[in-house]
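Shown next, in structure tokens, is the structure this report addresses.
The values are calculated or read from the model by the stated rules, or taken from the named source; none is laboratory data. Quick caveat, the model's predicted, so the values are computed rather than measured. Quick reminder, even Gly has a Cβ in these numbers, built from the backbone with ideal geometry, and neighbours come from all protein chains shown.
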Amino acid sequence: MKIEVSEKRDNPLQERIEVRFVIDHAGEATPTRMKVKAELARVLKADADNLVIESIMSKYGANKSDGYAKLYNSVEAAKKLERKHLLTRSGVGVEAEAKEE
């Protein structure tokens, strides 16, 4: 799996960087969100805990997928602004909440 960032936009009012990317997964199935999250965090040199994957869309007949993600400045900023189901899907803040219970 190879990830290439096609667009990167800073959004200081919402404390995040918005990223559009292309995944080349030749010879493989569409990768899971968690694999994409880990690889995208490595490419962006960022903390994976602050990254929320909004969408991954496979291209029909090709071994490529387009994606959209948001890299927040902190987990607190993500929890304040992001929809709950996307936080759950991306695993943002899950470990911290599980430890508190």
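Return yes or no: is residue 23 aliphatic (A, V, I, L, M) and surrounded by fewer than 18 Cβ atoms within 10 Å (Cβ to Cβ)? Outline the logic, then answer.
Working: aliphatic (A, V, I, L, M): yes; surrounded by fewer than 18 Cβ atoms within 10 Å (Cβ to Cβ): no.
When the stated conditions are applied, residue 23 does not pass them.
What's the number of the condition residue 9 fails, among (1) under 9 Å from the mean Cα position of the chain (by Cα); (2) in a strand (DSSP E or B); (3) free of Cβ contacts under 8 Å to residues at least 12 places away in the same chain?
Checking residue 9 against (1) under 9 Å from the mean Cα position of the chain (by Cα); (2) in a strand (DSSP E or B); (3) free of Cβ contacts under 8 Å to residues at least 12 places away in the same chain, the one that fails is (1).
Go through (1) surrounded by 14 or more Cβ atoms within 10 Å (Cβ to Cβ); (2) out of contact with any Phe, Trp or Tyr (no Cβ under 7 Å at 6 or more places or on another chain) for residue 29 and report which single condition fails.
(1)
Hey, among the residues in region 18-36 that are more than 16 Å from residue 86 (Cα to Cα) and in a strand (DSSP E or B), which one's farthest from the chain's Cα centre (by Cα)? Can you show your working first?
Here is the first cut: in region 18-36, the residues more than 16 Å from residue 86 (Cα to Cα) are 20-31.
Filter once more, keeping what is in a strand (DSSP E or B): 20-24.
Numbers: 20: 10, 21: 10, 22: 12, 23: 12, 24: 16 Å.
Looking at the filtered set, the residue picked out is 24.
On the given criteria, is residue 39 assigned to a loop (DSSP other than H, G, I, E, B) and either at positive phi or surrounded by fewer than 18 Cβ atoms within 10 Å (Cβ to Cβ) (or both)? Break it down stepwise before answering.
Working: assigned to a loop (DSSP other than H, G, I, E, B): no; either at positive phi or surrounded by fewer than 18 Cβ atoms within 10 Å (Cβ to Cβ) (or both): yes.
When the stated conditions are applied, residue 39 does not pass them.
Provide a single number: the residues in region 40-77 that are within 12 Å of residue 16 (Cα to Cα) and either in contact (Cβ under 8 Å) with a residue 40 or more places away in the chain or aromatic (Phe, Trp, Tyr) (or both).
Within region 40-77, residues that are within 12 Å of residue 16 (Cα to Cα) and either in contact (Cβ under 8 Å) with a residue 40 or more places away in the chain or aromatic (Phe, Trp, Tyr) (or both) number 10.
Considering region 27-45 alone, what residues qualify as being modelled with pLDDT under 90 and among the aliphatic types (A, V, I, L, M)?
Selection gives 29 alone.
If you scan region 44-82, which residues turn out to be under 17 Å from residue 13 (Cα atoms) and loosely packed, with under 12 Cβ neighbours inside 10 Å?
80
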